[in-house]
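This report refers to the structure that appears directly beneath it.
The values are calculated or read from the model by the stated rules, or taken from the named source; none is laboratory data. Because the structure is predicted, anything quoted here is derived from the model rather than measured. We place every Cβ from the backbone using ideal geometry, glycine too, and count neighbours over all the protein chains shown.
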Amino acid sequence: MSAIAVFLAVTAALVVSRLGAAVPGPALTAVVHREVVGSGVPPALPWPSVGQGAVSVPGAGVLVQSGAERPVPVASLTKIMTAYIVLRDHPVAPTASGPSLTMGPVDVAEAARDAARNDTSVPVQVGERLTERQLLNGLMVHSANNFADTLARWDAGSIPGFVAKMNAEAAALGMTSTHYVDADGVHAGSVSTAADQLRLVARAMTIPTFAAVVDQQTITEPLTGLLANYVQAVGTDGVIGVKSGFTQAAMGCVVLAADRTVDGRRVLVLAAVTGQRGFDALGAAQSVALRLIDRAAAALRLGSVVPAGAQVATVRTRWGGGAPASVVVAPKPVTLLEWPGTTVVWRVVPRRRLSVPLAAGAPVGTLVVSDGTERVVQQVHSRQQVGAPPAAWRLWR
């Protein structure tokens with residue numbers, strides 16, 4: 001074979017190899033990764049003149065407090081963590097009763113002791129069977145201290161074991177100023193802050209059964225019959241929970257959850273108040289909490305964060321000379337709940353692999369827009385077709 005023939009054969013083989021090689025897929029380059037700060041100035045909130053206050057709008061990632069907080073006794077607000085852990089460990093549907101617990105001599109003695117000390121309790125008798133839901137109702141609606149201990153022993157085998165769970169969960173939730181020493185809050189050593197309590201309640205209210213339990217004006221227990229909720233605001237003015245507490249060490253404390261309407265959307269707003277004094281310390285705490293909720297709700301708005309058709313990314317290829325082969329736009333507008341001064345972040349997450357030819361309208365990734373716990377995800381598509389590379393590029397790459 002002549003040299004020319006060899007050269008032609010090698011060249012032909014090289015051409016075939018080049019043209020048959022796998023083509024690298026296009027890359028998605030996000031052109032939007034920016035933070036949009038909500039317009040306006042955060043409102044001046046009607047903080048309590050004594051004690052602590054905090055407001056949270058979980059859907060907007062908002063948690064503001066009255067000032068520098070130090071851990072203080074929180075009385076029966078402690079029971080919020082008790083109920084949360086019980087439901088975490090023993091889930092039950094909102095309309096279900098759950099398993100039954102048989103009351104023994106220890107349960108009866110605790111109820112009698114609480115009654116003798118004028119601590120809130122619900123009487124029980126030996127051999128009586130109460131369901132998980134009945135115990136949770138008495139715990140959260142009527143603040144039964146004896147039910148807190150009964151549930152703690154059932155869950156962890158002992159009250160100290162349950163308290164260890166409470167403190168571990170507080171740490172996991174970022175409640176850095178919280179420490180528990182009991183399951184009912186009678187002991188002044190169970191301390192927290194208004195802001196920490198809202199960190200807990202924001203999580204607890206995502207459990208449908210917890211939300212159902214605290215949103216009751218009255219309950220019925222076997223030996224006592226009808227019992228009223230100590231949070232008198234529940235069932236009025238959109239209030240759907242959560243818990244009050246009072247001891248001489250803690251004074252009047254409350255956490256309220258309320259539904260408010262912002263630009264036609266239902267929004268959960270939380271407020272916590274501790275350390276309120278006076279003849280009606282619990283009533284004072286509830287009044288302050290309601291004012292905080294209303295003022296916070298008035299400052300919220302629905303904002304258009306990403307308009308429909310906004311360019312959020314480009315599709316580029318190695319053979320395109322740096323020019324975009326296609327643009328990627330948001331298919332629908334994204335509207336989020338906004339609090340003045342907070343930040344909204346939006347980004348594009350590309351699909352794991354793109355290949356050519358890429359048809360116009362083909363999905364290329366997802367647009368993720370977040371504002372606090374609110375998160376909107378949209379699939380995004382290539383607006384133009386992206387074709388295979390020309391033969392010349394495949395030969396000379």
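Of the helices (runs of 4 or more DSSP H) that lie entirely inside segment 110-215, those containing 3 or more residues that are assigned by TED's automatic domain parsing to the domain that holds GLY59 and surrounded by fewer than 20 Cβ atoms within 10 Å (Cβ to Cβ) span 145-156, 159-172, 208-214. Residues that are farther than 28 Å from VAL50 by Cβ and free of Cβ contacts under 8 Å to residues at least 24 places away in the same chain within segment 168-214 comprise ALA168, ALA171, ALA172, THR206, listed in sequence order.
Here is a yes/no grid of residues against (1) among the hydrophobic types (A, V, I, L, M, F, W, C); (2) assigned to a helix (DSSP H, G or I); (3) touching a strand residue (DSSP E or B) at 6+ places or on another chain (Cβ under 6 Å):
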position: PRO42; (1), (2), (3): no, no, no
position: GLY53; (1), (2), (3): no, no, yes
position: LEU63; (1), (2), (3): yes, no, yes
position: ARG70; (1), (2), (3): no, no, no
position: ILE80; (1), (2), (3): yes, yes, yes
position: ALA83; (1), (2), (3): yes, yes, no
position: ARG88; (1), (2), (3): no, yes, no
position: VAL92; (1), (2), (3): yes, no, no
position: SER97; (1), (2), (3): no, no, yes
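Residues satisfying the criterion are absent from segment 225-239 (criterion: assigned to a loop (DSSP other than H, G, I, E, B) and under 16 Å from the mean Cα position of the chain (by Cα)).
Out of the residues in segment 216-230 that are among the hydrophobic types (A, V, I, L, M, F, W, C) and touching a residue at least 40 places away in the same chain (Cβ under 8 Å), state the one that is surrounded by the most Cβ atoms within 10 Å (Cβ to Cβ). Before the answer, list the steps.
At the first step, the residues of segment 216-230 found to be among the hydrophobic types (A, V, I, L, M, F, W, C) are 219, 223, 226-228.
Imposing the further condition that a residue be touching a residue at least 40 places away in the same chain (Cβ under 8 Å) reduces the set to 219, 223, 227-228.
On the way: ILE219: 21, LEU223: 11, LEU227: 18, ALA228: 13.
Ranking the qualifying residues of segment 216-230, first place goes to ILE219.
As for segment 275-298, it holds no residue that is assigned by TED's automatic domain parsing to the domain that holds SER76, assigned to a strand (DSSP E or B) and free of Cβ contacts under 8 Å to residues at least 60 places away in the same chain.
Looking at ALA258, is it modelled with pLDDT of 95 or more, assigned to a loop (DSSP other than H, G, I, E, B) and either under 21 Å from the mean Cα position of the chain (by Cα) or surrounded by fewer than 21 Cβ atoms within 10 Å (Cβ to Cβ) (or both)? No: the conditions fail for ALA258.
The criterion of being without any contact (Cβ under 8 Å) to a residue 40 or more places away in the chain, acidic (Asp, Glu) and on the phi < 0 side of the Ramachandran plot does not hold for ASP119. Name the single residue, out of those in segment 350-397 being at pLDDT below 85 and within 30 Å of ALA202 (Cβ to Cβ), that is surrounded by the fewest Cβ atoms within 10 Å (Cβ to Cβ). Of everything passing the filter in segment 350-397, ARG375 is surrounded by the fewest Cβ atoms within 10 Å (Cβ to Cβ). Considering segment 146-166, and only residues there that are out of contact with any Leu (no Cβ under 9 Å at 6 or more places or on another chain) and in contact (Cβ under 8 Å) with a residue 60 or more places away in the chain, the residue that is nearest to VAL108 (Cα to Cα) turns out to be ALA152.
Look at VAL62 and say whether it is modelled with pLDDT under 95, closer than 20 Å to VAL242 by Cβ and not acidic (Asp, Glu). So VAL62 passes the test.
Within segment 267-279, which residues are surrounded by fewer than 24 Cβ atoms within 10 Å (Cβ to Cβ) and modelled with pLDDT of 95 or more? It would help to see each step written out before you state the result.
From segment 267-279, those surrounded by fewer than 24 Cβ atoms within 10 Å (Cβ to Cβ) are 267-268, 275, 277-279; that's our starting set.
VAL267, LEU268, GLY275, ARG277 - these are the residues of segment 267-279 that are surrounded by fewer than 24 Cβ atoms within 10 Å (Cβ to Cβ) and modelled with pLDDT of 95 or more.
Taken over segment 231-240, the residue count meeting the criterion of being without any contact (Cβ under 8 Å) to a residue 40 or more places away in the chain and closer than 13 Å to ALA271 by Cβ is 2. Filter segment 363-383 for residues that are among the aliphatic types (A, V, I, L, M) and within 26 Å of the chain's Cα centre (by Cα); which is nearest to PRO26 (Cα to Cα)? Among those that are among the aliphatic types (A, V, I, L, M) and within 26 Å of the chain's Cα centre (by Cα), it is LEU367. Any residue at all in segment 83-106 that's under 26 Å from the mean Cα position of the chain (by Cα), assigned by TED's automatic domain parsing to the domain that holds THR206, touching a residue at least 24 places away in the same chain (Cβ under 8 Å) and on the phi > 0 side of the Ramachandran plot? Scanning segment 83-106, I find at least one residue that is under 26 Å from the mean Cα position of the chain (by Cα), assigned by TED's automatic domain parsing to the domain that holds THR206, touching a residue at least 24 places away in the same chain (Cβ under 8 Å) and on the phi > 0 side of the Ramachandran plot, so the answer is yes.
On the basis of being surrounded by fewer than 22 Cβ atoms within 10 Å (Cβ to Cβ) and among the small types (Gly, Ala, Ser), does ALA285 make the cut?
Values: surrounded by fewer than 22 Cβ atoms within 10 Å (Cβ to Cβ): no; among the small types (Gly, Ala, Ser): yes.
So ALA285 fails the test.
Against the condition assigned by TED's automatic domain parsing to the domain that holds GLY98, of a type outside the set (A, V, I, L, M), part of a helix (DSSP H, G or I) and over 27 Å from the mean Cα position of the chain (by Cα), how does THR220 come out, does it pass? Explain how you work it out, then say what you get.
Numbers: assigned by TED's automatic domain parsing to the domain that holds GLY98: yes; of a type outside the set (A, V, I, L, M): yes; part of a helix (DSSP H, G or I): no; over 27 Å from the mean Cα position of the chain (by Cα): yes.
Spelling it out, it is not the case that THR220 is assigned by TED's automatic domain parsing to the domain that holds GLY98, of a type outside the set (A, V, I, L, M), part of a helix (DSSP H, G or I) and over 27 Å from the mean Cα position of the chain (by Cα).
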